[in-house]
Amino acid sequence: MAESIGKITAHLAEPIEKISEEIISLINKNIKPPNPVGPGDVFVRAMYVVSDEVNSFGGRFPAEEHSRLAALLIDSPVLVGHRKDKLPVARNFHSLLVTRDGSQWVKCYFYWLKNAEGAENLRHNIDGGIYKECSISFIYLFPECSVCGEDIRNCDHRPLQQHSTNGSRQIVHFNYRQIERVLETSLVYRGAQQNTAVTKELDLSFLNSVLTQPQVITKLSDLPQSDSYLVVPDYQGLPVTVLVEQGKIAVRDSDGILLERPTGAFEKVTSLNDFELSRAVLLGLRGKQRCSEQELESFLNYEQSSVSRLEIKLLPDHNLSQADFTISSGASKISIIRHALVTKDQLSDAVHRLETREGCIIWPSADVYSDCPGYNFCRGTQAESKTTFEISSCEGQDHYLMRFSRNDQSYSFILKQFNLNRLKHGGRFLAEAKDSGKIPLRENARSPHAAIISGTIEKIERSEKGYLLQFSEPLCGTFAIRPVRLNSTRQYLFYLKNENNLRAQR
């Protein structure tokens with residue numbers, strides 16, 4: 001019987017990486033390569049490059065500087081080992097602010113060409129865990145001492161040394177202020193910032209959002225130099241994007257999630273002409289009175305709220321004109337926000353005309369039609385009136401309620417699994433914004449922390465749509481309340497930011 005001999009040819013290939021059209025569009029938009037790239041042309045990875053923790057040099061990027069840094073990272077090169085005598089191996093095309101392991105991080109996305117020399121080696125080394133740390137090179141003007149607020153090059157404090165203030169000890173560091181330029185990011189053997197990472201795990205939820213938070217400034221002189229500036233009021237509302245296609249409107253929040261209630265409400269606005277995705281502010285009102293962000297969020301979640309109607313204030317955009325929408329005669333209303341395009345000499349007068357209690361948002365002319373979030377200026381941040389706070393137990397729960405007021409607005413947050421000692425020693429607690437009128441309070445004798453804690457807030461400063469609270473006794477120090485999103489639910493983090501620091505700086 002004749003034997004049958006056959007040959008089998010096998011090709012072992014890794015799955016082809018699929019790069020979304022949205023990412024390709026973002027690369028071509030932000031980098032503008034002479035020959036636009038396609039989905040099959042590039043590899044894409046991400047790096048956690050900067051956090052709000054102190055690095056090995058004693059420097060720190062405060063969270064309020066992250067928006068500025070994220071904007072400067074775009075279109076910066078990626079090197080290996082900060083070797084500026086060699087050409088870049090990749091380029092950063094997008095960055096965003098994220099929370100990771102309880103810290104605030106700047107995460108940037110970078111790409112390189114598949115047909116470039118060494119492209120496969122770079123991919124294998126990143127995905128195999130060989131290249132796993134990163135670093136950043138940048139230019140800044142002011143190293144702000146964490147103790148006295150002066151230039152640390154001129155004061156008596158030294159980075160990473162211990163310092164005692166009012167009986168408490170802290171490690172001296174300096175904050176990177178007035179960041180001017182990002183020179184490059186690098187793949188390195190060991191980063192100065194702990195826990196940096198290079199990853200192939202890409203969270204692409206940012207593709208549905210073009211929104212970031214404005215950088216907070218306290219002086220108009222802190223603005224970048226420009227021939228002109230766009231000034232708009234900073235309303236107490238929710239940042240959204242608005243898109244109209246074939247007369248149908250879609251309103252999405254900063255995470256790209258469709259907001260059902262305003263989308264449904266504004267569908268009743270007649271004669272809407274199509275326009276491209278535009279940034280806007282969603283306002284909740286009762287009559288002519290603007291309601292708080294907390295009341296607006298309750299309304300959007302179909303909870304009890306004082307909000308009775310909605311308005312959309314569209315930010316100025318070259319795609320929009322007064323003819324692009326019709327103001328409804330009903331409760332829902334869409335309009336372009338009040339604004340002024342002014343020279344530097346006219347800037348102060350424009351701020352006086354347009355500012356609200358929350359201040360103004362200002363863009364240099366070069367950033368007006370970009371995704372830059374702008375700069376928040378509020379002259380009231382330097383002279384807030386004193387107010388009080390209280391933390392008390394919630395009836396029938398293990399959680400605690402914190403209340404404080406700002407101007408004529410009161411705020412309430414449920415602090416989950418709260419512990420006072422842990423808070424004083426750097427613990428971070430999830431907080432949920434609540435309508436203060438719906439939360440019963442009582443002391444619970446079984447808990448060592450049940451007694452009401454109350455005191456004075458020396459200063460409240462807005463920062464990235466959250467707040468910095470400078471408490472006096474019994475909670476001495478500066479505390480942060482910052483928004484986070486967990487499992488598609490908006491919550492907050494409450495934690496001690498820097499003991500006694502603001503008081504020392506003044």
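The values are calculated or read from the model by the stated rules, or taken from the named source; none is laboratory data. Here the structure is a predicted model, which is why all the values come from computation and not from measurement. All Cβ positions, glycine included, derive from the backbone under ideal geometry; neighbour counts span all protein chains shown.
Give the number of residues within the range 276-286 that are closer than 13 Å to LEU310 by Cβ and not hydrophobic (A, V, I, L, M, F, W, C).
Number of matching residues: 2.
Just need a number here: residues in the range 288-298 that are surrounded by fewer than 20 Cβ atoms within 10 Å (Cβ to Cβ) and touching a Ser or Thr at 6+ places or on another chain (Cβ under 7 Å).
0
Among the listed residues ARG91, ARG60, which satisfies the condition of being more than 25 Å from ASN175 (Cα to Cα), touching a residue at least 40 places away in the same chain (Cβ under 8 Å) and buried (at least 20 other Cβ atoms within 10 Å of the Cβ)?
ARG91
Taking the condition modelled with pLDDT under 95 and either in a strand (DSSP E or B) or not assigned by TED's automatic domain parsing to the domain that holds VAL49 (or both), does LEU97 pass?
Yes, satisfied.
Which one is nearest to the chain's Cα centre (by Cα) among residues in the range 98-127 that are closer than 30 Å to GLY426 by Cα and surrounded by fewer than 20 Cβ atoms within 10 Å (Cβ to Cβ)?
VAL98
I'm trying to understand the selection: among the residues of the range 213-251, which are touching a residue at least 60 places away in the same chain (Cβ under 8 Å), among the hydroxyl-bearing types (Ser, Thr, Tyr) and within 22 Å of PHE299 (Cβ to Cβ)?
The one that is touching a residue at least 60 places away in the same chain (Cβ under 8 Å), among the hydroxyl-bearing types (Ser, Thr, Tyr) and within 22 Å of PHE299 (Cβ to Cβ): TYR235.
When the range 32-79 is examined, which residues are found to be at positive phi and either touching a helix residue (DSSP H, G or I) at 6+ places or on another chain (Cβ under 9 Å) or outside the structural domain of ALA197 (by TED's automatic domain parsing) (or both)?
Correct list: ASP75 only.
With the requirement that a residue be surrounded by fewer than 18 Cβ atoms within 10 Å (Cβ to Cβ), of a type in the set (A, V, I, L, M, F, W, C) and modelled with pLDDT under 75, what does the range 183-209 give you?
Of everything in the range 183-209, those that are surrounded by fewer than 18 Cβ atoms within 10 Å (Cβ to Cβ), of a type in the set (A, V, I, L, M, F, W, C) and modelled with pLDDT under 75 turn out to be LEU204, LEU207.
Scan the range 187-202 for residues that are in a loop (DSSP other than H, G, I, E, B) and within 11 Å of VAL49 (Cα to Cα) and report the count.
6
How many residues are closer than 24 Å to VAL244 by Cβ and not in a loop (DSSP other than H, G, I, E, B) if we restrict to the range 298-318?
The total comes to 8.
Would you list the strands (runs of 3 or more DSSP E) that sit entirely within the range 121-175 and hold 2 or more residues that are within 16 Å of SER56 (Cβ to Cβ) and at pLDDT 90 or above?
Passing ranges, in order: 133-145.
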